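Participant: First, the structure itself, so that you have it in front of you.
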Ligand code: AMP
Ligand code: MG
């Protein structure tokens, strides 16, 4: 199968709609990462997504809808705090989990009685979702466990020959996957951290919990248990306080003749001035936005990435550190 990358216009949207209506999958941009979308109402189409990615069959998918879509067609109970949160943060990088009405394929939620819904803010994503006017089940458009794609080229690199069409909406600005928020209880609970932080949610909803898995408990956000986001090269992660040791190790590996890159935020780059650097940038938004792009760049040029965790640890950095730890194993 030939894989085309096309800009988003009338022609490509018509093609996308044809593919989706016939049970196929289309990659599309969002403000977080690129998604691999299929008709959530079509069982075969949803199963096909798992097959294309090699995704474990117990890792549920998020359903994407346009901003005019009435989600009560899909979910049972939308608590008042969820309405406030939707008003404050949607469209945007916040996925909300509700009790499902079981209107979509059971493969979407992998047997859970809940459904995760997201309304992306990316203009191209909105155009695509409005054009097909169907709930679109979509995980990130990468081979399972690889780094999530933030450009159309990244999608192509992973999925060429496996899908027909990548809608190209430029580089994703958010850079890490959406916050996943459980809205089935009396108090919202963050299952996966992202750009919409627990503090931001608490400010609107009054309270917000953060999920910590207890020993022996059944995981509530199944995706979190998998190794994820890994570049195809060796990786070593140092804490911020150990950055001098990280630089020494990087220098030692270079002496050994290895192709080594030093991944760090800009302030640490300025401190050591490594010759082979993957500079994540300055503030938390920039670091989030650059992380996957730099991991993918790194695996192309390096045998080993030596990384230093960013200094800041709260806010958006909770989500960034969560991804860094998984990427660096
Ligand atoms: P991905 O699209 O690859 O970012 O993965 C979506 C993630 O959303 C999954 O790995 C789960 O952690 C989470 N998710 C999706 N549906 C549900 C659900 N019904 N309940 C809890 N978490 C969910
Ligand atoms: Mg993913």
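The values are calculated or read from the model by the stated rules, or taken from the named source; none is laboratory data. What you see is a predicted model; the values in this text were computed from it and never measured. Note: ideal-geometry Cβ built from the backbone for every residue, glycine included; neighbour counts use all protein chains shown.
Participant: Find all pairs meeting these conditions: Cβ atoms under 7 angstrom apart; at least six residues apart or on different chains; first residue within region 50-71 and assigned to a strand (DSSP E or B); second residue near ligand 1 (Cβ under 8 Å from one of its atoms) and at pLDDT 95 or above.
Facilitator: Pairs found: 62/95; 62/116; 62/138; 63/108; 63/115; 63/116; 64/35; 64/138.
Participant: Would you be able to tell me the number of residues in region 163-179 that are over 18 Å from residue 324 (Cβ atoms) and within 16 Å of ligand 1 (Cβ to nearest atom)?
Facilitator: Here the count works out to 1.
Participant: How many of the residues in region 160-209 are in contact with a strand residue (DSSP E or B) (Cβ under 6 Å, 6 or more places away or on another chain) and in a helix (DSSP H, G or I)?
Facilitator: The qualifying residues number 1.
Participant: Scan region 254-266 for residues that are touching a residue at least 12 places away in the same chain (Cβ under 8 Å) and more than 26 Å from the chain's Cα centre (by Cα) and jot them down.
Facilitator: Correct list: 254, 258, 259, 260.
Participant: Mind checking which residues of region 24-44 are surrounded by fewer than 24 Cβ atoms within 10 Å (Cβ to Cβ), closer than 19 Å to residue 110 by Cα and either within 16 Å of ligand 2 (Cβ to nearest atom) or free of Cβ contacts under 8 Å to residues at least 40 places away in the same chain (or both)?
Facilitator: Hit for region 24-44 is 44, nothing else.
Participant: Check region 240-247 and report whether any residue there is assigned to a helix (DSSP H, G or I) and either modelled with pLDDT under 95 or under 30 Å from residue 87 (Cα atoms) (or both).
Facilitator: Scanning region 240-247, I find no residue that is assigned to a helix (DSSP H, G or I) and either modelled with pLDDT under 95 or under 30 Å from residue 87 (Cα atoms) (or both), so the answer is no.
Participant: Kindly provide the set of residues from region 80-114 that are outside any strand (DSSP E or B), farther than 18 Å from residue 134 by Cα and within 12 Å of ligand 1 (Cβ to nearest atom), ordered by number.
Facilitator: 93, 110, 111, 112, 113
Participant: If you don't mind, another one. Being closer than 19 Å to residue 175 by Cβ and surrounded by 21 or more Cβ atoms within 10 Å (Cβ to Cβ) is the filter here, so list the residues in region 93-123 that pass it.
Facilitator: 93, 94, 95, 118, 119, 120, 122
Participant: Of all the residues that make up region 115-159, how many are more than 10 Å from ligand 1 (Cβ to nearest atom), in a strand (DSSP E or B) and over 12 Å from residue 27 (Cα atoms)?
Facilitator: 1
Participant: Further question: Considering only region 31-48, state which residues are more than 10 Å from ligand 1 (Cβ to nearest atom) and either in a loop (DSSP other than H, G, I, E, B) or within 16 Å of the chain's Cα centre (by Cα) (or both).
Facilitator: Those that are more than 10 Å from ligand 1 (Cβ to nearest atom) and either in a loop (DSSP other than H, G, I, E, B) or within 16 Å of the chain's Cα centre (by Cα) (or both): 31, 34, 37, 40, 41, 42.
Participant: Confirm whether residue 47 is in contact (Cβ under 8 Å) with a residue 24 or more places away in the chain, out of contact with any strand residue (DSSP E or B) (no Cβ under 8 Å at 6 or more places or on another chain) and surrounded by fewer than 22 Cβ atoms within 10 Å (Cβ to Cβ).
Facilitator: Taking the combined requirement at face value, the residue satisfies it.
Participant: Suppose the filter is at pLDDT 95 or above, assigned to a loop (DSSP other than H, G, I, E, B), more than 18 Å from the chain's Cα centre (by Cα) and more than 23 Å from residue 90 (Cα to Cα); does residue 24 pass it?
Facilitator: For residue 24, the condition - at pLDDT 95 or above, assigned to a loop (DSSP other than H, G, I, E, B), more than 18 Å from the chain's Cα centre (by Cα) and more than 23 Å from residue 90 (Cα to Cα) - is met.
Participant: Next question, about the same structure. For a quick check of your reading of the model, give me the residue pairs whose first member lies in region 150-179 and is closer than 23 Å to residue 14 by Cβ and in contact (Cβ under 8 Å) with a residue 24 or more places away in the chain, whose second is in a helix (DSSP H, G or I) and within 13 Å of ligand 1 (Cβ to nearest atom), with beta-carbon atoms closer than 6 Å and at least 6 apart or on different chains.
Facilitator: The qualifying pairs are 162/52.
Participant: What number of residues within region 167-204 satisfy the criterion of being more than 13 Å from residue 94 (Cα to Cα) and within 16 Å of ligand 2 (Cβ to nearest atom)?
Facilitator: So the answer is 2.
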